[in-house]
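Down below is the structure, laid out as structure tokens.
The values are calculated or read from the model by the stated rules, or taken from the named source; none is laboratory data. Since this is a predicted model, take the numbers as computed values, not measurements. Cβ placement follows ideal geometry from the backbone for every residue including glycine, while neighbour counts extend to all protein chains displayed.
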Amino acid sequence: MLDLQLGELTAAGPDGVDEALGLVAGFDGALAHGFARIGEEPAAALAALAGAMAGGPLGERAIEAVDKVIAGSIGDEHLAVLAGARAALTGAVHDALLARLDTALGRARASWDAAPVAGAAPSGAAPATGAEVPANLLAGCRAWLRELAIAGWRGVDHDVVAPSDHAIEALLAVPALRGLAVLLDGLAAELRASCPVGTMDRLPARRWGDLWTRGVLLSRSGPWHGGAEPVSGRLLILGADVHEHATVVRVQVHGILEPAGGGQARLVRTGVAAAKVDTIVGPAVWRLMSGHPVLLGALAGHRALDLTDMPLLPGGDLVWHDDRAAAGEEADPFTTARVLLGAAQAAPVPPLDRHPVRIAEPVLVEGYKVDGGTLELGGSRIALDLDRLPTGTPLTPELVAASSACLGLVRWDGRWLLQPLAVQATVKKKPVTAHTGDWALGPTDPKVVKAEAKAGDAVAVLRERAGRLLRK
């Protein structure tokens, strides 16, 4: 349990993390300036990246790719090798950090099946497209990402961003490529909002480097996550992580799957998402997910879910189908965590998901004190990630500060953080429990209900206006 080994988690190390991230930062600096004008310092950063691959499968190819880029011969295959080298470094950092976390938790993790992924492209060949994925769409994405690399972030203006629109629109029409489409659409939106990028005082170079790298690798191989297996059993929910942006909201639910017929309990996730506009905020975002009433009802009512043939991807993600789930008995998430979380097996991490920022492991912590945004237990401390608390829930920083038990996600962002998903607290000498999913079917606080009624239903208004436009 985390509450017994917090000191082990937050101790210095692991060794080599700072050095690996320094190489990544050097590559990101070269990408910021653009590969069309490689100077002495960016060239040295690229050479250092290639040197880190020595002795591995990318060693010779990384050196060749760097030589070609410095010489001005920039091909898709060279960028793919460089992106692979960068991903290998962030993946190594991820593995070291996750091993530290698993040790601190005493958590068992399944191993990743290293069998070749269907649809992967052989060396030097055009990327295989898997099931009905047009190769020309992936080629169009690679062309835009190549132009970004040549121009560099400092050279991006609206003329550089504009060609992405056609490629993204075409990707959205192919279900298997919508993940790549959303990724590129997000990158394009950030770049467009920042244009002209050359005037910015500070660049989000690490973030844009992450998005560019993932885009290059996904557009090289197409769908990569492997086939899903149908699973049946009981899903016991631990909590919901709400990701809210101006144009989209996503709810990722963490839980424990007890397989039908017995077997070891498994940590799993599932997610549902919806498009939105920036005027839909707070509790109203839950109405956008009204197409998933069974899942929302389980979140709001703290109920288990009985699953039948729900697709489960190798990385532990359930592909949610509301019609394959039925509400079960009441199941308190804190009781679930106390009884089952310690023995549940964690899922393996897919290769392209091996990145430090994607670490988000559910934990239960009890008997602590909160001081100035930091949780203290047994002489050890971990920062609380309160910036991730969603606005459409009863879980507030004040409740977290008054709490003594927390269900949350351990993350890493240059340091270890704990993101609360639910807390048990004492307020005015009365016990209070709050979860991020408590308002999945609408707010229960009378003051919030009154404020919502006064403000009007923005979702209903926008849907009515959209329907009126479609009828014209």
Original post:
Can you tell me which of 60, 40, 64 is of a type outside the set (Ser, Thr, Tyr), closer than 26 Å to residue 211 by Cβ and free of Cβ contacts under 8 Å to residues at least 24 places away in the same chain?
Top reply: 64
Subject >> Within segment 155-175, tally of residues that are at pLDDT below 95, surrounded by fewer than 17 Cβ atoms within 10 Å (Cβ to Cβ) and assigned to a helix (DSSP H, G or I) >> reply: 6
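Yes or no, residue by residue, for (1) within 30 Å of residue 267 (Cα to Cα); (2) modelled with pLDDT of 95 or more:
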| position | (1), (2) |
| --- | --- |
| 419 | yes, yes |
| 426 | yes, no |
| 436 | yes, yes |
| 450 | no, no |
| 456 | no, no |
| 463 | no, no |
| 468 | no, no |
Subject >> Scan of segment 384-406 for residues that are in a strand (DSSP E or B) and either under 19 Å from the mean Cα position of the chain (by Cα) or farther than 21 Å from residue 337 by Cα (or both), ordered by number >> reply: 384
Subject >> Output for segment 188-209, where each listed residue is assigned to a helix (DSSP H, G or I) and in contact with a Lys or Arg (Cβ under 9 Å, 6 or more places away or on another chain) >> reply: 190, 197, 198, 209
**OP:** From 233, 262, 226, grab the single residue that is more than 23 Å from the chain's Cα centre (by Cα), over 28 Å from residue 190 (Cβ atoms) and surrounded by fewer than 18 Cβ atoms within 10 Å (Cβ to Cβ).
**Re:** 262
**OP:** Return only the number of the condition from (1) part of a loop (DSSP other than H, G, I, E, B); (2) under 26 Å from residue 138 (Cα atoms) that residue 77 does not satisfy.
**Re:** (1)
Original post:
Within segment 341-353, is there a residue that is among the β-branched types (Val, Ile, Thr) and more than 23 Å from the chain's Cα centre (by Cα)?
Top reply: no
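Let's see how each residue does on (1) touching a His at 6+ places or on another chain (Cβ under 8 Å); (2) surrounded by fewer than 16 Cβ atoms within 10 Å (Cβ to Cβ); (3) acidic (Asp, Glu):
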| residue | (1), (2), (3) |
| --- | --- |
| 22 | no, yes, no |
| 46 | no, no, no |
| 68 | yes, no, no |
| 72 | no, yes, no |
| 86 | no, no, no |
| 90 | yes, no, no |
| 96 | no, no, no |
| 103 | no, yes, no |
